[in-house]
Every structure is written in C-alpha cells, then in structure tokens.
1. Among (1) on the phi < 0 side of the Ramachandran plot; (2) away from the ligand (no atom under 13 Å from the Cβ), which single condition is GLY174 missing?
2. Keeping to segment 375-398, report how many residues are under 21 Å from HIS273 (Cβ atoms) and aromatic (Phe, Trp, Tyr).
3. Restricting attention to segment 106-113, does a residue exist that is open to solvent by 20 Å² or more (accessible area, probe 1.4 Å) and touching a helix residue (DSSP H, G or I) at 6+ places or on another chain (Cβ under 6 Å)?
4. Quick one: which of ILE464, ILE405, ILE420 is buried (at least 19 other Cβ atoms within 10 Å of the Cβ), modelled with pLDDT of 95 or more, touching a Cys at 6+ places or on another chain (Cβ under 8 Å) and not aromatic (Phe, Trp, Tyr)?
5. Wholly within segment 30-143, which helices (runs of 4 or more DSSP H) include no fewer than the required count, namely at least 2 residues that are farther than 30 Å from VAL456 by Cβ and among the aliphatic types (A, V, I, L, M)?
6. Inspect all residues belonging to segment 318-338 and state whether any of them is modelled with pLDDT of 95 or more and in a loop (DSSP other than H, G, I, E, B).
7. Identify all residues within segment 349-366 that are surrounded by 16 or more Cβ atoms within 10 Å (Cβ to Cβ) and either among the aliphatic types (A, V, I, L, M) or in contact with a Pro (Cβ under 8 Å, 6 or more places away or on another chain) (or both); write none if there are none.
8. Here are some residues: GLU384, GLU436. Which one is among the acidic types (Asp, Glu), more than 17 Å from TYR76 (Cα to Cα), touching a residue at least 60 places away in the same chain (Cβ under 8 Å) and not in a helix (DSSP H, G or I)?
Amino acid sequence: MSFEEDARIVSQELDRYLRESLAGGKRVIHQPPIERLVEELELARHAAEGGLSGEKLAGFLRRYLESTTRLHHPAYLAHQVAVPHPSGALASMVDGLTNNAMAIYEMGPAATAIEFFVISWMLEKVGWTPAPPRRQATAAAGGGGVLTHGGSLANLTALLAARGRVAPETWSRGAPADLALLAPAESHYSIARAAGIMGIGRNAVYALPVDSGGRIRPEEIAGVHRRARDDGRRPFALVANACSTAVGLYDPLEEIGAACRDLGVWLHVDGAHGASALVSPKLRGLLRGIQLADSTVWDAHKLLRTPTLCAAVLVRDARTLDGAFEQDASYLFHEKEQPGFDSIHRTVECTKAGLGLRFFAVLAAMGERGLAEYVERQSALAAEAHEYISRQPGFACAVAPQSNILCFRVQGGDELQLSIRDALIAAGTHYLSTAEFAGRRYLRIAFMNPATTMDVVADLVERIRQIAPR
Ligand SMILES: *Cc1c(COP(=O)(O)O)cnc(C)c1O
C-alpha cells in the first residue's frame, strides 16, 4: 500500500467519525476496561505481524475510533481542550511526516518562519511590538516568544525568565532561598508545580487575597508584598489569571499591572485559556492592561481550535526569555552566520516540534474574523446557559461567566454533584467535569464545541432532573 492509499483510508475513516460525532448519535464518552481494549484492538497481534495497512488499517482504525472520547460531539462539555478544526489536524499530519525539529533554524526554516509569524501575531494581540526576525537571536529590544508543549511548561518557562531577571546567578550557584512568588489560590496547579520544580518551595508562594469570584484584589498586593519582604524574601513575580481555570473569571490586569510596576515585580499573566479573548474586538476589554505584563502564556490548543499541543510563551522583552536558560551544548549553541534564528535557547525542549503550523492552518482556514466569531459565540452561549440554568428550581450557578466556562450545582451536597457527573458519563449522553470553587464542588461546563447549542443544555438539565429528582 502506498502512503497516498493509506492516507485516503485514514481520511475516509476520520471523515465518517467527524460526521457521526457531530450528529450526536454515538455516545460522547464510554470507557471500556483497559484490558478489554488491549484485547479488542488486537495490539499484540498487530505488533507481531506488522503490515498494518490497507483494509487491515481501516479495520483497526474503525475499532480505535469506537473507543475514543468524542470531542466533536455536541454534548462534549468537559475539558478546556480544543475541538480541533480539521485543517489543524491536517497540519499535525504534515508536521508528523516532515518532522522538522526546528529548535535550530537549519532543522526547519519554514516551520521557524511560521512560528515567528504566529508568535508575532500573538504579541501584537497582547499589545507588544515583536522584535524583527533576525534580531530575535540577538540582544534586540522588542517582544519575543516560543511555542512549547502546553501551558504548564509555558508557565514554568515564563517564571524561569522572571527568576533570571532577579537571580541570574541561579544557573551556577543553585536557587537562592529567599525568593517569593505572589499568586492567588485560584491559580492553575502548574504554577505551584513550577515553584516546586524551581526549588522555591511552597512556603515561598504567598497567596494573594481574592474577591468572591476568586479574582485578585489589587489593593491588597502591596500588603502581601510587604509581608514577604518582612519575612526576608524577594518577591520576584506575581501571577494573575486571565482567566481562572475553575470558573473562568479575569483578574483586573490594569490595576494589577500598575501595582506591579510600582513594586518592581515581574507580572506574569496566565492566559492559557482566556488570552484567546484578545482575538475579539468585543471581548478583548476583559484583558485590559495585559500590555503592562512582562510575560504571558496563551494556549492555541484550548480556545483556538488547534490540536494538542501548541502553547505560546510571550514576553514583552525578548532578551528576558533568552535569560531563562543558560546552558552549553557546543554542537547546538554556537555563534553562526545564518539566514534565520534558533529558538533552542528559549525552551526546555531540545528536539522541538513545528507546533506553529497547527495553529497557523486553523487561523488561515477560519481567518481572524472567523476565530473571533467562534470565541464570541462560545462566551455568549455560556451567558445564555447561565441565565437558563439559574432560572431552574434547585439549580444555582457559582458566578456569572466572563468566558465560555460555567459552574453550577444542584441543591444538595458535594457528593450529589459527583454522582450526577458519574451517572451522565455512565450513560454517555453528556460529558462534563467538576471543579471546586469557594470550598464547594460544582458541575462544570467548558463550551468548546461550536456545534453545542442551548438544546444540548436544556437536555442536560432534563437528564439531571431524572438522575436527581427533587
Ligand atoms: C489549562 C491551563 C493551564 C495548563 O495548560 P496545559 O496546556 O494544560 O498544560 C494553565 N493555566 C491555566 C489558567 C489553564 O487554564
């Protein structure tokens, strides 16, 4: 079988899968026991025989697809993972075949050009001026960034850049014991994990006071900063959420940015999920003040319809990112005359996938306007669902949503919420997640799918009533 014939088989099977998923006839989720799947997929036989191609490939793929979680199903309401645009999936395939590991320019000129374009496009959305391409590699003023495998790694990278500014000696002497990080308790767990990886220690993470929506109260920042100083620590960065993971609210970045400037503290905005509002002229006001930050992260594999993974670390001053890592590998890092630039200095990764193509293909298929309309639609749907669910007797929402995330609960305890989710998943009709907010467990919807409508929400409410009658 030729590549072209097998590719046709794969695309036919995927096309059928897409149509079936969108039609909503199949279960959005079902989880057979792993032992059974290993058996049914005949993994051992295929591995031993080889030759998975042609009809055999078609049969295998059909079985594989039967046991996937269907993100394209309109009742997929669970996680902040993109429902990928098919153009993005094709780009993943192109990247897979060409395998241009573009951490150094010579291993992927076109991939580097695309990553440069994507990063610059994002920097401009933030309100920062990108440094020109060749000068990305030198000590030029202007914004810069890098694409990496996920927001968690992106957060770590940005915080390393922040630490590099106050404690550049860390790479030779080890982590100083007197650093402090300021962050609200609502922060994504990858922030605490980054602090752990950096050797700062949990005691050095100072919790910023928040309002009833879990948003940072900017007037409290100076006080927390003073407390850290009184403890003999140097606060090196403050993390703000845009938006928070649990309920999707935006911290007031303008006031936070002003406070950070006054105190000389690096502001890192975790925009993994919510920075995508920047594409919409209607919604970008939610991030007013983001240009005051020093760094931000933005996941294209969340609200930009891009297949996993494609996360951007963005910094206002490209030089700070080059200070995040300080390593020697003579076969990779050396002064060279070249027609492009290397991004290896800016990332944990050495072999680096050409992630930019995945997002670029989606952007070029939908257009900026199309992406903006998608983000606006998902937020509007969350607002409409909030209004609808709040009206239902026995139902209550955590907060009025600002993004496409909606948390609600049914009258009863935390156990009830968890059992409702279990029952929905077992039936395979709706797939949602749960989150803890303000000490209570909520059912949580992330409206990622452009095919989800209010009918799905009404049906969900109806099912929940059957599961938990009042
Ligand atoms: C999803 C998320 C992350 C983690 O990003 P991954 O791409 O899943 O690693 C970090 N911060 C926030 C606010 C998020 O929503």
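1. Single failed check for GLY174: (1).
2. Counting residues in segment 375-398 that are under 21 Å from HIS273 (Cβ atoms) and aromatic (Phe, Trp, Tyr) gives 0.
3. No, segment 106-113 contains no residue that is open to solvent by 20 Å² or more (accessible area, probe 1.4 Å) and touching a helix residue (DSSP H, G or I) at 6+ places or on another chain (Cβ under 6 Å).
4. ILE405
5. Passing ranges, in order: 43-49, 54-66, 86-98, 109-126.
6. No, segment 318-338 contains no residue that is modelled with pLDDT of 95 or more and in a loop (DSSP other than H, G, I, E, B).
7. ALA353, LEU355, LEU357, ARG358, ALA361, VAL362, LEU363, ALA365, MET366
8. GLU436
The values are calculated or read from the model by the stated rules, or taken from the named source; none is laboratory data. For clarity, every value in this text was computed on a predicted model and none was experimentally measured. In this analysis, Cβ positions are derived from the backbone assuming ideal geometry, glycine residues included, and neighbour counts consider all displayed protein chains. Heavy atoms of the whole protein, side chains included, go into the accessibility calculation; ligands, DNA and RNA do not. Shrake-Rupley method; radii C 1.70, N 1.55, O 1.52, S 1.80 Å.
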